[in-house]
Amino acid sequence: MANGTAAPERVISGAATKLSRTVHGIAYDAEHDEIYAPNPLADAVLVFRGAANGNEPPIRVIQGPNTRLVVPHAVSFDPEHRELLVASLSNRTIAVFPWNASGNVSPVRYISGPKTRLGHVVGLGVDSASNLLAVANSEEILMFNRTDNGDVEPVAQIKGPHTGIGDEPWELQVYKSRIFLATSNHLHTNLYSGVTLKDGYTKPPEDPWLNPELGFIGVWNIRDRGDVPPHAIIKGPFSQILHPTGLALNPKDGEIYVTDSIRNGLFTFLVPDFF
Amino acid sequence: MPYYASRLLCRGYKVYWLKPMIARLKHRRLLWLLLLAGGVPAWFQFGRGTSGQESALDWFGVANAQESDVTPMGGDIIPLRQVTDPYPVFNGIAVDPVNNLVAMTDVNRKSIVSYDRSASAGARITPPRRQVFGPLTNIGFVAGIYADSEHKEILAVNNDIEDTMVVLRYDAQGNASPARILSIPHQAWGIALSRSHDQIAITVELQQAVVFYKRDAQSVTPPLRNIRGPNTGLADPHGIVWDDAHNEIAVANHGNFRGLVRDTGAGCAPTGTADPEGGAVLPPSITFYSGDAHGDQKPLRSIQGIRSQLDFPMGLGVDADHNELAVANNGDNSVLVFSRTASGDAAPIRVIRGDKTGINRPMGVAIDIMHNELWVSNFMDHTALVFERSDKGNVAPKRVIRTAPPGTPTPGFGNPQTVAYDSTRDQILVPN
């Protein structure tokens, strides 16, 4: 495994890939050996073969008005039900597609509307045991029934000061009913709506990464409710992570992979008991 | 014992390992009591196990809001491995021949580095003239840069998620506060300046727009105008140059197009707009506009098509004297030079590409007409390269600026916000 100042083993990049340089979500489907990556700036989800390399085109593209994708940021693959979940940031929605969806297809389910409380959605994941969908929302974790559709209320939430979850929690993974969350805790203040200044601001935004409340990796049980602290945590100066955003799991080796935008790096933690 | 292994044992790992052991002992005692009493709840079983058959709720138990005083396991754990790059990595580049300065944005260490224009590294790290970095600077995921020779200021755009432009005096050093900060839309990338208009123009990826401000705008100031809309041809715009001599603006577009642009939201601060957009991935392009353009105006002309060889076009440089436009063509490790008036599926008039050039995922390009030089900033090689302005083909650079010893690899991270594990290949996937 890579360590230190390492070059990537392969790079998927170039115009033929249809990737943008803004990719805020990625998922790997081991059964079909495929990679899912959203292109938020083209309202698309791209599917690559697992061994893709170089300027290689995607094998499938989910894109078009029927998909109802608007700036899709996060993807999650549900291997048990062979479904792809896509969180669109700008329209506050979650669209669910069959794993092999392609083209201008309608989602099989679409969670959207004021009852959902969906806001800044980046991370999401399904727990088959409880049949719940966990969503990293604006400042909390929301739980929906996995098969929810339409304007539905979440069935539960993990939210409050004891959780430690602040502004814009980022990537989320679910493993054996445990929610792993990259709790970034940066403070993002956007003064613009599109290219128009919003009213009421007199000062430019503070540096979003200088929030003294550091981010962390937190682990909750998917049946936790309310203002509960994480059962497990990675946080502090020795961890080297400041405001983590990316999070992936390798249960077989007991490892967690974390990316941190401030450190501009990738960190591996050996935590077998977290699994 | 390796440093990290010793730290692992004497600090994070030891603590993290003991706590669950103690917890397990307590739980096992309780388990025996429960067994004697006639059974245990299904969720209250122990041992991590590998069968996958145990209840998914076995390990943590379930907590409710009133149970908030539990000490979590884990803590301040030292990473087993880390992939980071300790050296600056260049993004944008700007040259000021009048003041003998070249400046680059460093997306890796979040700094702005400037050098004497004539500096050269050889096989060593090039000593910078200045480096501005630290919490007071407001420099973040910094991208486009402009060196204003008249006012001796560096203007640099933070791309994501700082949403600001910082302005530094040429003599700023270390953890220096910017001379001024301007709030700008989310996902801005490129910056250009017009002396005739005394304005700056900034590209905004997410909004497929160019926004204009007074040159010295600061704090919270609304844009003077913008170019935006489905007729503009803007599609994930990045590099931008303002050719005052011909009153034209050129913009490099990656081609990612957000459909009907109905959503007027702010990207990461959603507005709730639910209109379907129907995006598309268009061929990369260079679009040209009048320096006075505004609104949903069509470009004066566009370069787009297979013959153009455009592939992730990033920074642009204009040479009004020779009527040429240079493009940092990130996708195929080249610099393309077009006629300034080229249109349609036009081929470049020169291309710098090949193993001798040292061009490696170029992000920025700048033309120094005074010294007849062309500058390139590399993203994947800790270098900036200097070529003769008219170089073409597989030529070696005449000078190199280095931020790391030659051959030092770089992960190529640029604000990595997501990660996945490829269990088939035992590889970690990190998009930018």
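None of the figures in this text is laboratory data; all of them are computed from the coordinates on show. As the structure is a computational prediction, the values presented were derived from the model and not from experiment. Here Cβ is always computed from backbone atoms with ideal geometry, including for glycine, and neighbour counts include all displayed protein chains.
With +1 on the Cβ of every Lys and Arg and -1 on the Cβ of every Asp and Glu, and nothing else charged, how large is the dipole of the range B:111-216 about its Cα centre, in debye rounded to the nearest 20?
380
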Listed pairs A:K18/B:K152; A:K176/A:K235; A:K18/A:K159; A:K18/B:K214; A:K198/B:K298 exceeding 31 Å between Cα atoms: A:K18/B:K152; A:K18/A:K159; A:K18/B:K214
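For peptide A:80-91, compute the average count of partner chain beta-carbon atoms within 10 Å of each residue's beta-carbon. Please list the in-between numbers first.
Details: counts 0, 0, 0, 0, 0, 0, 0, 0, 4, 7, 16, 10.
Taking all residues of A:80-91 together, the mean is 3.
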Kirkwood hydrodynamic radius of chain A, from inverse mean 1/r over distinct Cα pairs, in Å: 19.2
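With a Förster radius of 45 Å, plug the Cβ-Cβ distance of B:K298 and A:E153 into 1/(1 + (r/R0)^6) and report the FRET value to the nearest 0.05.
According to the calculation, E is roughly 0.45.
Placing unit charges on C-beta atoms (Lys and Arg positive, Asp and Glu negative, everything else neutral), compute the dipole magnitude of the protein assembly as shown about its Cα centre in debye, rounded to 20.
Details: 62 positive and 71 negative charges, 232 e Å.
It works out to roughly 1120 debye.
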In order through the range A:16-24: 3J(HN,Hα) via Karplus (6.51 cos²θ - 1.76 cosθ + 1.60), integer Hz, x for Gly, Pro: 5, 5, 6, 6, 9, 8, 10, 10, 10
Nitroxide proxy distance, nm - points 7 Å out along Cα→Cβ at B:N99 and B:K392: 3.5
J(HN,Hα) series, the range B:160-167, from Karplus relation 6.51 cos²θ - 1.76 cosθ + 1.60, nearest Hz, glycine and proline x: 6, 10, 6, 6, 9, 10, 10, 10
Residues B:K152 and B:S120, FRET efficiency given R0 of 35 Å [Cβ-Cβ distance, rounded to 0.05]: 0.90
Translational diffusion of the range B:64-166, µm² s⁻¹ [Kirkwood Rh, Cα pairs; Stokes-Einstein; 4 °C; 1.567 mPa s]: 80
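Charges at C-beta only: +1 for Lys and Arg, -1 for Asp and Glu. How large is the resulting dipole of the range B:90-402 about its Cα centre, in Debye rounded to 20?
Working: 29 positive and 34 negative charges, 116 e Å.
So the magnitude is around 560 debye.
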Test item: B:403-412 mean partner chain Cβ contacts at 10 Å: 3
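Roughly how crowded by other chains is peptide B:131-143, in terms of the mean Cβ count from those chains within 10 Å of each of its Cβ atoms? Intermediate values should be presented prior to the final figure.
Details: counts 0, 0, 0, 0, 3, 2, 1, 6, 1, 6, 4, 0, 0.
Across the residues of B:131-143, the mean count of other-chain Cβ atoms within 10 Å is 2.
Please work out the Cα convex hull volume for the range A:113-275 and give it in Å³ per residue.
Numbers: hull volume 21.0 nm³, N = 163.
Per-residue hull volume (Cα only) is 129 Å³.
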Residues whose placed amide H lies under 5 Å from that of A:A232, excluding near-sequence neighbours: A:V219, B:M73
Largest-first principal axis extents, alpha carbons of the protein assembly as shown, Å: 92, 57, 48
Derived scalar couplings ³J(HN,Hα) [the range B:177-184; Karplus, 6.51 cos²θ - 1.76 cosθ + 1.60; whole Hz; x for Gly, Pro]: 6, x, 5, 7, 10, 10, 6, 10
Amide H contacts of B:T164 (H built 1.01 Å from N, under 5 Å, at least 5 apart or other chain): B:N158, B:I184
Highest-fluctuation residue, A:I217, A:I141, A:I262 considered, GNM on chain A with Cα pairs under 10 Å: A:I262
Column: log10 I(q)/I(0), Debye, Cα scatterers of the range A:10-112, q = 0.15 Å⁻¹: -0.52
